[in-house]
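S.K.: Dropping a structure here in structure tokens format, bear with me for questions.
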Amino acid sequence: MKIIAIGRNYTEHAHELNNPVPEKPVIFLKPDTALLKNRDFYYPDFSQNIHHEIEIVLGICKEGKHISRKFAHTYYDTIGLGIDFTARDIQQQHKEKSLPWELAKAFDGSAPVSPLLPKDTFDDPYAIDFRLTKNGEVVQQGNTKDLIFSFEDILVFVSQYITLRKGDLIFTGTPAGVGPVAVGDYLEGFIGEQRMLHLHVK
């Protein structure tokens, strides 16, 4: 199992970090040790600026390489919610030196993921409202209608380079509103009115 994540896939988020809106999907990987299920998040000692990034997550249901757009929708069958925890201080240092982001994105426990719901739970995959609250206040809110690159775009693009396999997870990008977390914070992620995940920062 691998986690493939898409960066800068909502225009307002790209703007809030002073990044250009990409012409092609920006991808990075997280290892399976980043996956965090039904557990609290422990603040790592190597960063002083961990940010939350709430995202819709796709569950891949079969192997695919060079996926055609016509059939791309058949390669995922579940949808959930995840948080891409990011060590923003480390990321900024690496960006300044044109180095990869992995130390900022791929550390242990950096990818909390909710239970995944069958795709047919959703009337329209491009009308999914989702949000993140911190200590009861909404800090991020998005809708999949605002994606720069659709789910199909992502699967077609990624599969040109990386074979997708059953069980892989795709983090599809975060909306605007990313910000820091601190020890003692309580995070809750929602799709519509359904709470999908929750955790304490310890």
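S.K.: Just give me the residues in the stretch 52-77 being β-branched (Val, Ile, Thr) and within 12 Å of residue 116 (Cα to Cα), in sequence order.
M.R.: Within the stretch 52-77, the first condition is being β-branched (Val, Ile, Thr), and the residues that meet it are 54, 56-57, 60, 67, 74.
Residues satisfying the conditions are 56, 57, 60.
S.K.: For residue 51, which of the numbered conditions (1) touching a residue at least 12 places away in the same chain (Cβ under 8 Å); (2) closer than 28 Å to residue 198 by Cβ; (3) surrounded by fewer than 13 Cβ atoms within 10 Å (Cβ to Cβ) fails to hold?
M.R.: If we test residue 51 against (1) touching a residue at least 12 places away in the same chain (Cβ under 8 Å); (2) closer than 28 Å to residue 198 by Cβ; (3) surrounded by fewer than 13 Cβ atoms within 10 Å (Cβ to Cβ), just (3) comes out false.
S.K.: Okay, moving on. Looking at 51, 66 in this structure, which one is modelled with pLDDT of 95 or more, within 15 Å of the chain's Cα centre (by Cα) and of a type outside the set (A, V, I, L, M)?
M.R.: Numbers: 66 fails: within 15 Å of the chain's Cα centre (by Cα).
That would be 51, the only listed residue that is modelled with pLDDT of 95 or more, within 15 Å of the chain's Cα centre (by Cα) and of a type outside the set (A, V, I, L, M).
S.K.: Moving to a separate point now. For the stretch 31-78, which residues satisfy the criterion of being outside any loop (DSSP other than H, G, I, E, B), farther than 21 Å from residue 126 by Cβ and out of contact with any Phe, Trp or Tyr (no Cβ under 8 Å at 6 or more places or on another chain)? Give the derivation first.
M.R.: Taking the stretch 31-78 first, the residues outside any loop (DSSP other than H, G, I, E, B) are 32-36, 41, 50-52, 54-60, 64, 69-78.
Still in the running and farther than 21 Å from residue 126 by Cβ: 32-36, 41, 50-52.
Residues satisfying the conditions are 32, 33, 35, 36.
S.K.: Right, another one. Please find, within the stretch 3-43, the residue that is modelled with the lowest pLDDT out of those that are surrounded by fewer than 19 Cβ atoms within 10 Å (Cβ to Cβ) and either within 17 Å of residue 156 (Cα to Cα) or among the small types (Gly, Ala, Ser) (or both).
M.R.: Residue satisfying both the conditions and the ranking: 22.
S.K.: A follow-up question, please. Of all residues in the stretch 53-80, which are under 27 Å from residue 139 (Cβ atoms), of a type in the set (A, V, I, L, M, F, W, C) and in contact with a helix residue (DSSP H, G or I) (Cβ under 7 Å, 6 or more places away or on another chain)?
M.R.: Answer for the stretch 53-80, where residues must be under 27 Å from residue 139 (Cβ atoms), of a type in the set (A, V, I, L, M, F, W, C) and in contact with a helix residue (DSSP H, G or I) (Cβ under 7 Å, 6 or more places away or on another chain): 56, 58, 79.
S.K.: Next question. Where residues in the stretch 65-78 are touching a residue at least 60 places away in the same chain (Cβ under 8 Å) and surrounded by 11 or more Cβ atoms within 10 Å (Cβ to Cβ), which of them is nearest to residue 169 (Cα to Cα)? Break it down stepwise before answering.
M.R.: From the stretch 65-78, those touching a residue at least 60 places away in the same chain (Cβ under 8 Å) are 65-69, 72-73, 75-76; that's our starting set.
Among the residues that remain, those that are also surrounded by 11 or more Cβ atoms within 10 Å (Cβ to Cβ) are: 65, 67-69, 72-73, 75-76.
Values: 65: 15, 67: 16, 68: 19, 69: 19, 72: 15, 73: 15, 75: 11, 76: 9 Å.
Only one residue fits best here, namely 76.
S.K.: Condition first: in a helix (DSSP H, G or I) and not polar (S, T, N, Q). Now tell me which residues in the stretch 79-103 satisfy that.
M.R.: Within the stretch 79-103, the first condition is being in a helix (DSSP H, G or I), and the residues that meet it are 88-96, 102-103.
Correct list: 88, 89, 90, 94, 95, 96, 102, 103.
S.K.: When you check residue 156 against the structure, is it aliphatic (A, V, I, L, M), touching a Lys or Arg at 6+ places or on another chain (Cβ under 6 Å) and over 28 Å from residue 184 (Cβ atoms), yes or no? It would help to see each step written out before you state the result.
M.R.: Numbers: aliphatic (A, V, I, L, M): yes; touching a Lys or Arg at 6+ places or on another chain (Cβ under 6 Å): yes; over 28 Å from residue 184 (Cβ atoms): yes.
Criteria met by residue 156.
S.K.: Taking interchain pairs and intrachain pairs at least six residues apart, which have beta carbon atoms under 7 angstrom, with the first residue in the stretch 25-37 and without any contact (Cβ under 8 Å) to a residue 40 or more places away in the chain and farther than 16 Å from residue 197 by Cα and the second among the β-branched types (Val, Ile, Thr) and buried (at least 16 other Cβ atoms within 10 Å of the Cβ)?
M.R.: Filtered contacts from the stretch 25-37: 26/6.
S.K.: Let me ask something else about it. Which of the strands (runs of 3 or more DSSP E) found entirely inside the stretch 112-202 contain at least 1 residues meeting this: among the hydroxyl-bearing types (Ser, Thr, Tyr), modelled with pLDDT of 95 or more and surrounded by 15 or more Cβ atoms within 10 Å (Cβ to Cβ)? Spell out the reasoning first.
M.R.: Working: elements: 129-134, 137-143, 169-171, 186-191, 194-200.
It comes to 129-134.
S.K.: Also, quick follow-up: Which pairs turn up if I take residues in the stretch 112-129 that are within 16 Å of residue 61 (Cα to Cα) and look for partners that are in a loop (DSSP other than H, G, I, E, B) and not charged (D, E, K, R) with beta carbon separation below 7 Å, at least 6 apart in sequence or on another chain?
M.R.: 119/125
The values are calculated or read from the model by the stated rules, or taken from the named source; none is laboratory data. Quantities reported herein were computed from a predicted structural model and do not represent experimental measurements. Counting neighbours? That spans all protein chains shown, and the Cβs are built from the backbone with ideal geometry, glycine included.
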